[in-house]
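The values are calculated or read from the model by the stated rules, or taken from the named source; none is laboratory data. Just so we're clear, the structure is a prediction, and the values are computed from it rather than from any experiment. Cβ placement follows ideal geometry from the backbone for every residue including glycine, while neighbour counts extend to all protein chains displayed. Remember, those area values only see protein heavy atoms, side chains included, never the ligands or the DNA or RNA. Shrake-Rupley method; radii C 1.70, N 1.55, O 1.52, S 1.80 Å.
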Amino acid sequence: MTRSDLVEELAARFSQLTYRDAEFAVKTLLDAMGDTLVRGNRIEIRGFGSFSVNRRPPRMGRNPRSGESVSIPEKRVPHFKPGKALREAVDARTDELLKVTLIG
């Protein structure tokens, strides 16, 4: 699902929202989530999952062309951990699709 798919789904589900309102709501939500992660805070959405920032320590890597060693600096990267309800829903849905595919 893309951002525009999400906007369309939101506008379709809530008829009182115009497409522009749905687009603004999605943009506001994603901006707030991004700002929270940039500040180093954690986001937890019950039943869905949590977003956090992980630290990748500095390390030595190799340039694949020349083979020479390259120093790779420390990085902070976003990380998503799905919640139990989401994991179970995806697993159950995957099982259903497999059964339909194998039987059909």
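Charges at C-beta only: +1 for Lys and Arg, -1 for Asp and Glu. How large is the resulting dipole of segment 1-78 about its Cα centre, in Debye rounded to 20?
Numbers: 14 positive and 10 negative charges, 115 e Å.
Here segment 1-78 has a charge dipole of around 560 debye.
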- Query: If all Cα-Cα distances of the chain are sorted into 10 Å bins from 0 onward, what percent lands in each bin, rounded to whole numbers?
  - Reply: 12, 22, 29, 22, 13, 2
- Note on the structure: Counting only protein heavy atoms with a 1.4 Å probe and every protein chain in place, the carbon and sulfur fraction of the accessible surface of segment 1-88 in whole percent equals 54 percent
- Highest-MSF residue in the chain out of Arg87, Arg65, Arg13 [GNM, Cα springs under 10 Å]: Arg65
- Query: How far apart, in nm, are two points set 7 Å out from the Cα along the Cα-to-Cβ line at Ile45 and at Ala25?
  - Reply: 1.3 nm
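Full-extension gain between Lys75 and Glu8, please, as 0.36 nm times their residue separation minus the C-alpha to C-alpha distance.
Numbers: separation 67, 0.36 × 67 = 24.12 nm, distance 3.45 nm.
Roughly 20.7 nm would be gained on extension.
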- List every residue whose amide H lies under 5 Å from the amide H of Gly83, counting only residues 5 or more places away in sequence or on a different chain, with H placed 1.01 Å from N in the peptide plane. Phe48, Gly49, Ser50
- Projected onto the charge dipole of the chain (+1 at Lys/Arg Cβ, -1 at Asp/Glu Cβ, origin at the Cα centre), which of Thr18, Ser4, Val38 gives the Cα projection farthest towards the positive end? Val38
- Item | Acute angle (nearest 10 degrees) that the helix 19-38 long axis makes with the longest principal axis of the chain, alpha-carbon atoms | 30 degrees
- So, in nm, how far is label Val38 from label Arg87 when the simple model puts each one 7 Å beyond its Cα toward the Cβ? 3.2 nm
- How large is the charge dipole for segment 1-41, taken about the Cα centre, if only the Cβ atoms of Lys, Arg (+1) and Asp, Glu (-1) carry charge, to the nearest 20 debye? 100 debye
- Hey, in the GNM for the chain with a 10 angstrom Cα cutoff, which one of Val90, Val77, Val53 fluctuates hardest? Val90
- Message: Could you report the chain's accessible area per residue, 1.4 Å probe, as an integer in Å²?
- Response: 84 Å²
